[in-house]
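Data block below; observations after.
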Amino acid sequence: MSKAAEFEPLDVAVLTVSDTRTRAEDTSGDYLAQALAAAGHRLAARELVPDDVYRIRAVVSQWIADPAVQVVLVTGGTGFSGRDSTPEALLPLFDKVVEGFGELFRHLSLAEIGTATLQSRAVAGLANRTAIFCLPGSTGACRLAWERILAPQLDARTAPCNFVQHLRRGESR
């Protein structure tokens, strides 16, 4: 008889990408930090950087290389404005793209924002046994992604599969 999975707290870093928000105004980053802690995970790091490909890539690259970070949540920079560059910054870092993440996010957000969901370039991937999820900058979008996708997928008890098994360091790939 197999043992039922137990909850495994993960170490999660939160990055807010914004040219206009300060840390005091970062409601999306605040929401993600509070939600992950309420779920039993640990906030490993938190940063806010301007929407600049190289600054985004530098912070996330550092976290990917850090064995103390298992998940990176990025909020902001996923739209179509001239400075939105989160996907361009992070797609080159992914070992594997989680193709269904953006599709599922847009499907779920259709009920909330209608066809405006087409303008979300939410993406996700795995790099060095670190899961990276890039979310829109609105707090509502972060809430939707956390509650409907991320919280279940970052919980080892979610069957038939979840991301936790892919984030364990020291195991063979």
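Coordinate-derived values only; no laboratory data. The structure displayed is predicted, hence computed values, not measured ones. So basically every Cβ, Gly included, is an ideal-geometry build from the backbone, and we count neighbours across all protein chains shown.
Things worth noting here:
- Percent of beta bridges antiparallel (DSSP, the stretch 11-167, rounded to nearest 5): 30 percent
- Projected area, mean over directions - the stretch 11-167, Cα convex hull, nm²: 8.4 nm²
- Taking Cα atoms only, the orientation of helix 27-38 departs from the longest principal axis of the chain by about 10 degrees.
- Angle between the chain longest axis and helix 99-113 axis [Cα atoms, degrees, rounded to 10]: 60 degrees
- Estimated [θ] at 222 nm from DSSP helical runs (n ≥ 4, -39500 (n - 2.57)) normalised by residues in the chain, nearest 500: -9500 deg cm²/dmol
- Spatial offset of the stretch 56-82 relative to the stretch 88-119 amounts to 15 Å, using the alpha carbon center of each.
- Cα-projected label distance for Glu147 with Ala38, points at 7 Å along beta-carbon direction, nm: 0.9 nm
- Contact order relative to length of the stretch 11-167, as percent, for alpha carbon pairs under 8 angstrom and 6 or more apart: 24 percent
- Table column - 3J(HN,Hα) (Hz), the stretch 60-74, Karplus curve with 6.51, -1.76, 1.60, x for Gly and Pro: 5, 4, 4, 5, 4, 7, 8, x, 7, 10, 9, 9, 10, 10, 10
- Phi angles of the stretch 134-140 translate, via the Karplus equation with coefficients 6.51, -1.76, 1.60 and θ = phi - 60°, into HN-Hα couplings of 9, 10, x, x, 6, 5, x Hz per residue; Gly and Pro are given as x.
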